[in-house]
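Structure, as structure tokens:
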Amino acid sequence: MKKQTITPRLEEFIRTLKKRRLDAAIVRDQANVRALTGIDCDNALLAVCADGTVVFHTDFRYIPMAHRVAPWLKTKDIKKFKLDTSRLRAAGGGAGRPGAKGEVRVGYESNLTVAKFEALKKSAKKAKFVDVLSDLHAIRAVKTDDEIAKLKAAAALNDEIWEKAQREFKPGMTERQMARVIRHLMIELGDGEAFETIVCVGANAAECHHVPDDTVWDGRLPVLVDMGVRLNGYCSDMTRNIVPRGASARYREVYKAVLDANLAAIAAAKPGISAGALDKVARDLLAKRGLGKAFGHSLGHGVGLEIHEAPMVAKRQKTALKAGMVHSIEPGAYLENELGVRIEDLVLLTPGGCELLSHSAK
């Protein structure tokens with residue numbers, strides 16, 4: 001058989017299959033399929049075998065696109081998919097696994113719907129299924145050079161849109177109208193929202209994920225905006241606050257604490273630090289300012305093809321951060337019925353520390 005030309009990520013995944021003593025894996029998640037092949041398709045199935053055989057399955061609508069994007073990849077009709085467990089068993093199923101007796105082990109993603117998982121089991125009878133979702137997430141967590149360029153472009157566009165949006169905001173506008181300004185700019189200049197834009201006026205910012213409503217901004221209350229544009233398939237994520245001159249002393253005190261936590265975490269972000277230790281940098285600072293209980297979410301999350309990816313930068317997360325990871329740093333403090341502040345930036349971990357991707361004033 002002629003050896004296929006495959007992507008470095010697919011090569012890494014195949015090495016993972018061998019390390020975990022798996023004979024094959026079936027990948028169905030759209031973002032995982034794109035990360036491994038470059039193909040963005042909402043109805044795809046990627047069969048990856050430990051012997052290096054890779055076959056992309058989709059329906060009639062997407063086969064020409066698959067041929068164009070990944071001409072090196074063998075493509076088949078998804079309706080006819082069936083994993084050849086007999087071939088895998090004959091090729092050494094169970095080899096090196098004491099007591100396996102020819103057992104075929106197949107990786108799958110635990111985020112599959114029940115219906116898709118049941119169909120998968122029917123297509124690979126007598127196989128033992130092993131979850132590989134965390135393996136795929138770990139592979140995707142370290143970005144390629146191309147991905148880093150796209151993430152930088154998305155973050156830069158997010159900065160541009162924020163500057164343009166602020167010039168269009170006027171007292172008397174509702175949260176919905178302000179969110180609509182941002183949404184329209186994202187559609188005009190990018191590929192739309194990476195997630196639904198959050199706009200919070202005054203005490204509404206105490207709700208971490210407040211849904212914009214008809215609350216009117218009078219020009220005197222603070223405003224929290226969490227926004228991210230999607231560009232070329234990749235996401236950006238940033239939170240900024242409009243702080244009017246007349247903001248209360250208490251608001252300014254909380255804002256200063258959150259900003260200090262944000263800057264301290266950025267300064268501490270570097271390869272080798274654990275995700276939990278980085279979270280602790282910001283959490284401890286806020287606790288010393290009397291805001292420990294007001295910071296209830298994690299410090300950050302990975303960003304890429306999806307708005308929430310690995311790594312999770314949270315308490316008790318032991319994952320060691322690596323160069324090439326892109327994640328948010330977003331400490332916050334939320335006082336119910338009073339105020340809320342969150343300051344969020346994206347950072348790229350570099351060999352010597354981190355590079356800030358969000359450049360809007362804060």
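Looking across region 209-258, the residues that are of a type in the set (Asp, Glu) and in contact with a strand residue (DSSP E or B) (Cβ under 6 Å, 6 or more places away or on another chain) come down to 214, 226, 237. The residues listed here are 15, 21, 9, 28; of these, the one that is on the phi > 0 side of the Ramachandran plot and either touching a residue at least 40 places away in the same chain (Cβ under 8 Å) or exposed (fewer than 13 other Cβ atoms within 10 Å of the Cβ) (or both) is 21.
The criterion of at least 2 residues that are among the hydrophobic types (A, V, I, L, M, F, W, C) and over 30 Å from residue 172 (Cα atoms) is met, among strands (runs of 3 or more DSSP E) falling completely within region 199-316, by 309-313. The residue list 362, 322 contains one member that is in contact (Cβ under 8 Å) with a residue 60 or more places away in the chain, basic (Lys, Arg) and not assigned by TED's automatic domain parsing to the domain that holds residue 257, which is 362. Within region 232-246, residues that are within 20 Å of residue 356 (Cα to Cα) and among the basic types (Lys, Arg) have Cβ atoms under 7 Å from residues that are exposed (fewer than 14 other Cβ atoms within 10 Å of the Cβ) and at pLDDT 95 or above in no pair, counting only partners at least 6 apart in sequence or on another chain. Residues satisfying the criterion are present in region 97-112 (criterion: on the phi < 0 side of the Ramachandran plot, modelled with pLDDT of 90 or more and exposed (fewer than 12 other Cβ atoms within 10 Å of the Cβ)).
What do you reckon, is residue 268 closer than 30 Å to residue 147 by Cα, in contact with a helix residue (DSSP H, G or I) (Cβ under 7 Å, 6 or more places away or on another chain), in the same structural domain as residue 352 (by TED's automatic domain parsing) and surrounded by fewer than 19 Cβ atoms within 10 Å (Cβ to Cβ)? Answer is yes for this residue. Within region 100-119, being under 16 Å from residue 33 (Cα atoms) and not polar (S, T, N, Q) holds for 107, 108, 109, 112, 116. If you go through region 165-198 and pick out every residue that is over 15 Å from residue 222 (Cβ atoms), in contact with a helix residue (DSSP H, G or I) (Cβ under 7 Å, 6 or more places away or on another chain) and either in a loop (DSSP other than H, G, I, E, B) or not charged (D, E, K, R) (or both), you end up with 9. If you go through region 39-50 one residue at a time, do you hit one that is crowded, with 16+ Cβ neighbours inside 10 Å, in contact (Cβ under 8 Å) with a residue 12 or more places away in the chain and over 15 Å from residue 108 (Cα atoms)? Yes, region 39-50 has at least one match.
The values are calculated or read from the model by the stated rules, or taken from the named source; none is laboratory data. As the structure is a computational prediction, the values presented were derived from the model and not from experiment. Quick reminder, even Gly has a Cβ in these numbers, built from the backbone with ideal geometry, and neighbours come from all protein chains shown.
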